[in-house]
Amino acid sequence: MVDIQKGEGSFFVAESGEKLAEITFYKSGDNEITVDHTVVSDKLRGQKVGTSLVEKVIEFAREEKLKVVPVCTFVQKQFEKNADYEDVLAK
């Protein structure tokens, strides 16, 4: 399991000061965030780190009572696969 940290408009995984995975978002409305980018280094590929980052954003959105606009294609696919995320999907 990786340690996911919160940044300014992002969640990320770092090792020795180097970001190895990151998901970025920005406030796009009063109660809305747009998730625009997800990247996972080769070092962490195949470990479901991208999925964990998406789950962290979903958890954050629920805690802050925000809706998510998934612009990033990876995040869009995660929303398509998981009906559990429907409650935070911006319509």
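The values are calculated or read from the model by the stated rules, or taken from the named source; none is laboratory data. The structure presented is a predicted model; accordingly, all values stated were derived computationally and were not measured. Note that each Cβ is placed from the backbone with ideal geometry, even for glycine, and that neighbours are counted across all protein chains shown. Heads up: the accessible areas ignore ligands, DNA and RNA and are worked out on the full protein's heavy atoms, side chains in. Shrake-Rupley method; radii C 1.70, N 1.55, O 1.52, S 1.80 Å.
Grab the beta carbon distance between LEU44 and LYS65, set R0 = 30 Å, and tell me the FRET efficiency rounded to 0.05. Don't skip to the end; give the middle numbers.
Numbers: r = 30 Å, r/R0 = 1.01.
So the FRET efficiency works out to roughly 0.50.
Quick one: pull the percent of accessible area on the chain belonging to carbon and sulfur, 1.4 Å probe, ligands and nucleic acids left out.
Using a 1.4 Å probe with all protein chains present, the chain comes out at 47 percent carbon and sulfur.
What relative contact order, as a whole-number percentage, does the chain give when Cα pairs under 8 Å and 6 or more residues apart are counted?
Normalised by residue count, the contact order of the chain is 23 percent.
Give a quick list of GluC sites (Glu not before Pro) in the chain that DSSP marks as loop, anything other than H, G, I, E or B, with at most 15 other Cβ atoms within 10 Å.
GLU8
In region 46-91, how does Rg compare with the Kirkwood Rh, expressed as the Rg/Rh ratio over alpha carbon atoms? Before the final figure, lay out the partial values.
Values: Rg = 10.0 Å, Rh = 10.7 Å.
With Rh from the inverse mean 1/r over Cα pairs, Rg/Rh is 0.94.
On C-alpha positions alone, give me the angle between the axis of helix 49-64 and the longest principal axis of the chain, in degrees, nearest 10.
Tilt of helix 49-64: around 40 degrees.
Have a look at the DSSP beta bridges in the chain and tell me what percent are antiparallel, nearest 5.
Given both bridge residues lie in the chain, the antiparallel proportion sits at roughly 75 percent.
If the reach is capped at under 21 angstrom between alpha carbons, list the lysines near LYS65, excluding any in the same chain fewer than eight residues apart.
Correct list for LYS65: LYS6, LYS27, LYS56, LYS91.
From the helices alone, meaning DSSP H stretches of at least four residues, give me the mean residue ellipticity at 222 nm for the chain, per-run term -39500 (n - 2.57), in deg cm²/dmol to the nearest 500.
-8500 deg cm²/dmol
How large is the accessible surface per residue of the chain, computed with a 1.4 Å probe and reported in Å² as a whole number? Provide the component values of the computation, followed by the final result.
Numbers: 5620 Å² over 91 residues.
Counting only protein heavy atoms, the per-residue value for the chain is 62 Å².
Based only on Cα atoms, what mean projected area does the convex hull of the chain have, in nm²?
Computed as one quarter of the Cα hull surface, the answer is 5.8 nm².
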